[in-house]
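Below is one structure; the comments refer to it alone.
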């Protein structure tokens, strides 16, 4: 490095920041650029962020001597960091709904005819059924045109509709673009073009779902697990158990759901990325002492893939599944220290493929929880996942993993549930540390119930009833507090 360049980099060397490889800088730069674009940040904020990203890259360049080999290549890659910031900003700006989307069409309350395919399991509500539809055509009066939008449908009356069915409905659309309604804004962030209220009795099934044997098998397994949980646990605990294990959200008692929302605990009762990440890490921590770190990581990978196949093509679960696979693979290959690089690169790749995932709470919780475990666990437990301290070490690691994941996701929970931030923080602090017990205990109860209903009922009390009842008790009591 020339004397002039060395003199220029001297202030950045004074920052005393450790050398970070280009992959981390690229992931941070790209993701930051995309986040600022999606949040419509002003020019001063964008310029400041770009300056910080560049300064961090220069601080690593100033410590390039710490690199053992390929210094010139790493120097060139680090110099490209500001360009990745710009690419991320452009990618997110270019990822919005197209101008011809139904989100931008003013239909003024007209009734239209829609055809499309149901792309998620129907969710039952007190007011009817909620569906996600990938719309194919729309008829407005005598005009018929092809569309390529995702819509959320509300059916006021019970219907026999299944995932994969091709249907036609008469509905009144409410576009999500430029809406001042918070719920419609949230739908827009999920790239849902419009909310549609279906006219009663207008639904027609054009063709039934043509599921292959893997999807049919997964549906049968979910049904059997739901039945096992219902037989072993009383309501409303059985509804919570079904939501946590199989993702059946409509089984949860509406009044309890309201209490859970008010106390910021609702993220615990549905399948989410952060919950799956925590589950996989608990599997690794609990089995490393018995079968060794690498085989425990292999078990975690198989568990993640199996669970992802069981739940189906739910995007948050699929994203969390692959992030968990990457995390476990780094440990299986004996490169636990590289888990941070692998997880960061995977997250940046997901953002590159679909920038709007940054607005998804499930993705945010997944990333925060995973990075918290990757960064903090080796500090608080130097032999994390080593399996060297037997069952006592496994129990300790499982407890620490839950605590770390709770602390690193708490700021996001407070941010998204700001209406009851203080109450929510307190409720999460006394409930979330028991989440591993809830999840693994309920899953064990469901599996034992498949073997014998009596066995499942007997085992449910210590395995699932106690932690789930604690969740209900905290939610009901804290929901009554003012604020």
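Just so it is clear, none of the values below were taken in a lab; they were calculated from the coordinates. No experiment lies behind these values; they were computed from the predicted model shown. All Cβ positions, glycine included, derive from the backbone under ideal geometry; neighbour counts span all protein chains shown.
With the gyration tensor restricted to C-alpha atoms of the chain, the semi-axes of the equivalent ellipsoid amount to 39, 33, 20 Å, longest first. Across segment 419-479, the fraction of Cα-Cα pairs farther apart than 14 Å, rounded to a whole number, is 58%. In this rough spin-label picture, where each label sits 7 Å from Cα along the Cβ direction, the residue 72-residue 136 distance is 5.8 nm. Full extension of the chain between residue 48 and residue 213 gives 54.1 nm of extra length, using 0.36 nm per residue less the Cα-Cα distance.
Throw me the Rg/Rh for segment 102-207, computed over C-alpha atoms with Kirkwood Rh, two decimals.
Taking Rg over the Kirkwood Rh, I get 0.93.
Extending 7 Å from the Cα toward the beta-carbon at both residue 452 and residue 146 defines two label points whose distance is 5.9 nm. The length gained by stretching the chain between residue 174 and residue 200 to full extension, at 0.36 nm per residue less their Cα-Cα distance, is 7.7 nm.
Per the Kirkwood formula applied to alpha carbons, segment 238-479 shows a radius of gyration over Rh ratio, Rg over Rh, of 0.95.
Packing around the peptides 33-46, 458-471, taken as the average count of other Cβ atoms within 10 Å per residue, puts them in this order, highest first: 458-471, 33-46. Taking label points 7 Å from Cα along the Cα-to-Cβ direction, residue 294 and residue 253 give a separation of 5.0 nm. What number, in percent, do you get for the relative contact order of the chain if the mean sequence gap of Cα pairs under 8 Å and at least 6 apart is divided by its residue count? Once normalised by length, the contact order is 13 percent. If the segment from residue 119 to residue 380 were pulled out straight at 0.36 nm per residue, it would be longer than the present Cα-Cα gap by 89.7 nm.
Which FRET efficiency value, to the nearest 0.05, is calculated for residue 90 and residue 220 with the Förster distance at 51 angstrom and r the Cβ-Cβ distance?
E between residue 90 and residue 220, to the nearest 0.05, is 0.65.
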